[in-house]
Amino acid sequence: MKIGCLLSVRQKATRLPGKSLLDLDGKSVTVRLLNRIGMAKKIDQVILSTSLHPDDEVLVEIADAESVATFRGSEDDKLRRYYDTAKFYDLDAVVIVDGDDPLVFPEFIDQVAECLNGSNEPDCVYISNLPVGAASTGLRTSALEKVLELKDETDTEVWGGYFIGSGKFTTEEINVVDPLFNHPEIRLTLDYDEDFELIQGIHQKLGYQFSSNELMSLLLEDRELREINTSAIEKYESHIQNSAPVTFKKDAS
């Protein structure tokens, strides 16, 4: 099975405009994230998957400079873009990492890839109980093809509900119980200024290549650091609550 890791990123952020290009000690958030994804060992190819919007050309240039493959597709339909990326690169499955998650855990990217390649052959692999922004999601290309036939939206910014809990796909959950990692109350994603302050603080203490174990050990020891972006949690929850629910075509089975 050929598995690619897709960095799903666009220059359309409104809560923190330009966040994918924010500077972390001379390199952009996107470069740092590509470097972090590169720490995963079970991935056959890393691909930056972005849109055809002119503003996203800079992301392609960044990937080219880092010798990372790219694909440009739909602006608003992420699922269509993921499927087109997978087909273009002849991938059997993909692991999706969001451009908002510069501290994604590469060790768990590998776990997702292993599950996709396992005997259960799930359509979707997802992770529960990691910090927000640490997880990735696995999708078989065949499942992406199927969801394009079933969905009733052209804007799939929030797409997890199509697979998880819908009853239309087989799923496998990686339920994280290790007390070092089981901290869904910790926020590591990048949506607000407070989030970037936390990310800067982490890099100042750990440098720019560290394991997820080292990261979590630091956060659990340094309460002041991990609570820098506590105020962002409520703002983000409000944003998610206002997101449109996923919808299927009436005759979808």
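If you filter the range 70-95 down to residues that are in contact with a Gly (Cβ under 8 Å, 6 or more places away or on another chain) and not in a helix (DSSP H, G or I), you find that the one that is surrounded by the most Cβ atoms within 10 Å (Cβ to Cβ) is V94.
Listed residues L190, L144, L180; which is part of a loop (DSSP other than H, G, I, E, B), in contact with a helix residue (DSSP H, G or I) (Cβ under 7 Å, 6 or more places away or on another chain) and either over 30 Å from S231 (Cβ atoms) or free of Cβ contacts under 8 Å to residues at least 60 places away in the same chain (or both)? Full working, then the answer.
On the way: L190 fails: either over 30 Å from S231 (Cβ atoms) or free of Cβ contacts under 8 Å to residues at least 60 places away in the same chain (or both); L144 fails: part of a loop (DSSP other than H, G, I, E, B).
Of L190, L144, L180, the one residue that is part of a loop (DSSP other than H, G, I, E, B), in contact with a helix residue (DSSP H, G or I) (Cβ under 7 Å, 6 or more places away or on another chain) and either over 30 Å from S231 (Cβ atoms) or free of Cβ contacts under 8 Å to residues at least 60 places away in the same chain (or both) is L180.
Residues that are in contact with a helix residue (DSSP H, G or I) (Cβ under 9 Å, 6 or more places away or on another chain) and within 24 Å of D155 (Cα to Cα) within the range 22-55 comprise T30, I47, L48, S49, T50, S51, listed in sequence order.
Does F181 fit the bill of being farther than 18 Å from F105 by Cβ and open to solvent by less than 40 Å² (accessible area, probe 1.4 Å)? Working first, answer last.
Details: farther than 18 Å from F105 by Cβ: no; open to solvent by less than 40 Å² (accessible area, probe 1.4 Å): yes.
Answer is no for this residue.
Taken over the range 193-232, the residue count meeting the criterion of being outside any loop (DSSP other than H, G, I, E, B), farther than 22 Å from G99 by Cβ and of a type in the set (D, E, K, R) is 6. For the range 15-65: of the residues being open to solvent by 70 Å² or more (accessible area, probe 1.4 Å) and part of a loop (DSSP other than H, G, I, E, B), which is farthest from V104 (Cα to Cα)? Among those residues, the one meeting the criterion is L52. If K235 passes every condition in (1) under 20 Å from the mean Cα position of the chain (by Cα); (2) at pLDDT below 95; (3) within 21 Å of R80 (Cβ to Cβ) but one, which one does it miss? Checking K235 against (1) under 20 Å from the mean Cα position of the chain (by Cα); (2) at pLDDT below 95; (3) within 21 Å of R80 (Cβ to Cβ), the one that fails is (3).
The values are calculated or read from the model by the stated rules, or taken from the named source; none is laboratory data. Everything numeric in this text was worked out from a predicted model, so none of it was measured. Note that we place each Cβ from the backbone using ideal geometry, even for glycine, and neighbour counts take in every protein chain shown. All accessible areas refer to the heavy atoms of the entire protein, side chains included, with ligands and DNA or RNA removed. Shrake-Rupley method; radii C 1.70, N 1.55, O 1.52, S 1.80 Å.
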